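What follows is a set of notes on a single structure, which appears directly below.
The values are calculated or read from the model by the stated rules, or taken from the named source; none is laboratory data. This structure is a prediction, so every number in the text was calculated from the model and none was measured. Cβ sites come from the backbone with ideal geometry, for glycine too, and all protein chains shown count toward neighbours. With ligands, DNA and RNA removed, areas are computed over all heavy atoms of the protein, side chains included. Shrake-Rupley method; radii C 1.70, N 1.55, O 1.52, S 1.80 Å.
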Amino acid sequence: MSQGSNFVDYVKICCRSGKGGAGSAHLHRDKLTSMGGPDGGDGGRGGHIILRGNTQFWTLLHLKYRKHIMAKDGESGSSGTSSGKFGKDEILDVPLGTIAKDSETGEVLFEITEEGETKILTPGGRGGLGNWHFKTATLQTPRFAQPGEPGLERWIVLELKVLADVGLVGFPNAGKSTLLSVMSAAKPEIADYPFTTLVPNLGIVDYRGGKSFVMADIPGIIEGASKGKGLGYRFLRHIERNSVLLFMVPADTNRTIKEEYEILKKELQEYNPELMQKPHLLAVTKSDLLDNELMEEMKKDLPANIPAIFISSVAQKNIIELKDMLWQAIGA
């Protein structure tokens, strides 16, 4: 996923499904029959608006400028009990991890998590019944039929939460983008200033025996992000869909490793306490700046009860060991 305007994880669209076709009130007539019975067919169903999961899409960019989505109306029934044609469905392909919400109430309608999975966003109106349905012993020539049901119109919010096995969590310049570029074929922007990464980046990490897992670089968190500071909580929701959280703290931090980890942990907890239930790992980055004596001293002050490893992306230090730890934590 490239940075900037190409990454869109939130769109609001107006969806209007098709209305159902009217039933027919036709009475059978031909050259041999002057007073035939009812033979009006049913109206066709209006078109649905459907979301479909598609792994070829990574963002909602293709829907950003489609504010109004309209499905076709169903056709009316006709003579000979012929039903009207269904209105054409409008199918919207979306990336996996897309959530549909009602824009007025905020209610979550459903989510798309699998390739080819389809969900009806707004159902089309039912077609009306033709008059042959209403024939009885005492009403043999009904001259009425049902109208079609109107379509449904509503504003919908589509929100993307990136699906990944491992999410990288850390302050700006913690080395997340560098690690992703070393462990995968992803090419995120890397620079020595804060907030270089402005959108989530995904990379596929090769593992032993032809196995692989997906890693996501989430834009830098700062203290107060859960309250809207910095890039705010806009990208924190992407962390919700990661199976394992890898906390990254640089060895040259102005705080202690434990203090920085606790601040990151607190921001996630305030945003969503359920994130504390995910497996946590700690990587101390830029460890090529440390000698063995200093590294051993720092190990004494690492947070308890969390697997930790000293790595260096530039020097390729302990990268294989980190992959092993992540794979074990994923439980794949």
Checklist outcome for this item: In region 288-316, residues that are modelled with pLDDT of 90 or more, closer than 16 Å to ALA251 by Cβ and not hydrophobic (A, V, I, L, M, F, W, C) total 1
Checklist outcome for this item: If we ask which residues in region 85-101 are of a type in the set (Asp, Glu) and part of a strand (DSSP E or B), their number turns out to be 2
Item to check | Residue selected from region 53-78 under the condition open to solvent by less than 50 Å² (accessible area, probe 1.4 Å) and either free of Cβ contacts under 8 Å to residues at least 40 places away in the same chain or more than 30 Å from ASN201 (Cβ to Cβ) (or both), by the criterion farthest from the chain's Cα centre (by Cα) | outcome: GLY77
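Out of curiosity, is LYS119 surrounded by fewer than 18 Cβ atoms within 10 Å (Cβ to Cβ), under 19 Å from PRO150 (Cα atoms) and out of contact with any His (no Cβ under 7 Å at 6 or more places or on another chain)?
Numbers: surrounded by fewer than 18 Cβ atoms within 10 Å (Cβ to Cβ): yes; under 19 Å from PRO150 (Cα atoms): no; out of contact with any His (no Cβ under 7 Å at 6 or more places or on another chain): yes.
No; evaluated as a whole, the condition is false for this residue.
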Checklist entry - In region 27-49, what residues are surrounded by fewer than 20 Cβ atoms within 10 Å (Cβ to Cβ) and either touching a His at 6+ places or on another chain (Cβ under 6 Å) or not basic (Lys, Arg) (or both)? => result LEU27, HIS28, ASP30, LEU32, THR33, SER34, MET35, GLY36, GLY37
Next on the checklist: Being modelled with pLDDT of 95 or more and not charged (D, E, K, R) narrows it down to one residue among HIS62, HIS26, HIS48; which is it?
Outcome noted: HIS48
Checklist entry - So which residues in region 288-324 are under 23 Å from ARG208 (Cβ atoms) and part of a helix (DSSP H, G or I)? => result ILE319, ILE320, GLU321, LEU322, LYS323, ASP324
Next on the checklist: Against the conditions (1) open to solvent by 10 Å² or more (accessible area, probe 1.4 Å); (2) in a strand (DSSP E or B), where does GLU149 fall short? Just the number, please.
Outcome noted: (2)
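One line per residue, one yes/no per condition, for (1) touching a residue at least 40 places away in the same chain (Cβ under 8 Å); (2) open to solvent by less than 30 Å² (accessible area, probe 1.4 Å); (3) on the phi < 0 side of the Ramachandran plot:
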| residue | (1), (2), (3) |
| --- | --- |
| GLU270 | yes, no, yes |
| PRO279 | yes, no, yes |
| VAL284 | no, yes, yes |
| ASP288 | no, no, yes |
| ASN292 | no, no, yes |
| GLU297 | no, no, yes |
| PRO303 | yes, yes, yes |
| ILE309 | no, yes, yes |
| LYS323 | yes, no, yes |
Checklist entry - So which residues in region 102-113 are part of a strand (DSSP E or B) and open to solvent by 50 Å² or more (accessible area, probe 1.4 Å)? => result VAL108, LEU109, GLU111
Checklist entry - For residues in region 232-252 being open to solvent by 30 Å² or more (accessible area, probe 1.4 Å) and touching a Lys or Arg at 6+ places or on another chain (Cβ under 9 Å), which is modelled with the lowest pLDDT? => result TYR233
Next on the checklist: Go through (1) buried (at least 20 other Cβ atoms within 10 Å of the Cβ); (2) at positive phi for THR81 and report which single condition fails.
Outcome noted: (1)
Item to check | Members of region 234-282 found to be touching a helix residue (DSSP H, G or I) at 6+ places or on another chain (Cβ under 8 Å), closer than 16 Å to PRO307 by Cα and assigned to a loop (DSSP other than H, G, I, E, B), listed by number | outcome: PRO279
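Kindly evaluate SER24 against the criterion of being without any contact (Cβ under 8 Å) to a residue 12 or more places away in the chain and either out of contact with any helix residue (DSSP H, G or I) (no Cβ under 6 Å at 6 or more places or on another chain) or open to solvent by less than 40 Å² (accessible area, probe 1.4 Å) (or both).
Judged against the criteria, SER24 is not a match.
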Checklist entry - Applying the selection to region 86-100, what residues are over 19 Å from LEU61 (Cβ atoms) and either surrounded by fewer than 16 Cβ atoms within 10 Å (Cβ to Cβ) or at pLDDT below 95 (or both)? => result LYS88
